[in-house]
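The values are calculated or read from the model by the stated rules, or taken from the named source; none is laboratory data. Source: prediction; values computed, not measured. Heads up, the Cβs are rebuilt from the backbone with ideal geometry, glycines too, and the neighbour counts pull from every protein chain shown.
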């Protein structure tokens, strides 16, 4: 990981399509109780602690899950057993987690005065990097063992290269609409398929690594000037195919517009486009309600939001549906190993497991 991600290029994207502006075939958000909705849910509660911390992120592989949260709490699920670690570090919160194996995990975090990265070796978490910037997202680069990127406030991207120490690799710019926001741009999440193709959910912007620029392009959608990107997931496959969680409990799709990765067209312009998948404008305060976690594969996309809702989209029919949840707890992260092996985490150390088929 030698590249310094510099020279960001500003581009604008029109929302070229909107699949559904809610209400979709959505169930009304009426007063609910766990007992009332549990029987119809494809998810079961694996863990919940009424006075517990908030779980903010999850990562896993078949038969294994790690979830992290506030006060550096972490949970490990393996072979049907759940183990809890930490949860006593007041003022130090894990914000996201990524890994390569159950013995090689990285978690980003934040404190009142900055941020940190911890590593888990199968036995314990150890802080390996601290900075004066709150960190919100982390991603293990798949093609380089030991290479990691972490993102956070003020547009800062930090990197760890094999055999080297953590360093600041890029500072991404504010949008013109963010000049009065001290922490902007806030980089909330990061996901990709390689060092040369990854995306960052950056508030009012999508940042995308594009080698032809020697760094990032940052996309500012027009036509929906109030959209804010909060979570991100690169779908598996050989092309740029990114799902982003947004405000209005919404989601957007960022991809090369013809379905292939094209570095540049004949005139030097990029062929990326963005379309809205869902957007709910009907609720009071909808602009502050976020899809906080997204995940998907070639069959389904799933999003969870901070008001306890689960929604899926069928990749074949493009039908969107609300999935009944066994709880109304706020949800903050989702991870899947397959359509029938999906994990969701949220408030009060909530862990759900189930299917989105």
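Some notes on this structure:
- Count of region 40-89 residues which are touching a residue at least 24 places away in the same chain (Cβ under 8 Å), assigned to a loop (DSSP other than H, G, I, E, B) and touching a strand residue (DSSP E or B) at 6+ places or on another chain (Cβ under 9 Å): 11
- Among residues of region 326-340, those that are at pLDDT 95 or above and under 23 Å from residue 94 (Cβ atoms), counted: 9
- Within region 134-155, being surrounded by 20 or more Cβ atoms within 10 Å (Cβ to Cβ) and either at pLDDT below 95 or within 17 Å of residue 208 (Cβ to Cβ) (or both) holds for 137, 139, 141, 149, 151, 155.
- Number of residues in region 341-357 that are over 17 Å from the mean Cα position of the chain (by Cα), in a loop (DSSP other than H, G, I, E, B) and modelled with pLDDT of 95 or more: the value is 4.
- Tally of residues being surrounded by fewer than 21 Cβ atoms within 10 Å (Cβ to Cβ), in contact (Cβ under 8 Å) with a residue 40 or more places away in the chain and more than 11 Å from residue 156 (Cα to Cα) across region 166-192: 3
- Selection count, region 192-234, where residues are part of a loop (DSSP other than H, G, I, E, B) and either under 14 Å from residue 275 (Cβ atoms) or at pLDDT below 90 (or both): 6
- Of the residues making up region 193-210, those that are farther than 15 Å from residue 136 by Cβ and touching a residue at least 60 places away in the same chain (Cβ under 8 Å) are 195, 197, 206, 208, 209, 210.
- Checked against (1) at pLDDT below 95; (2) assigned to a strand (DSSP E or B), residue 303 passes all but condition (1).
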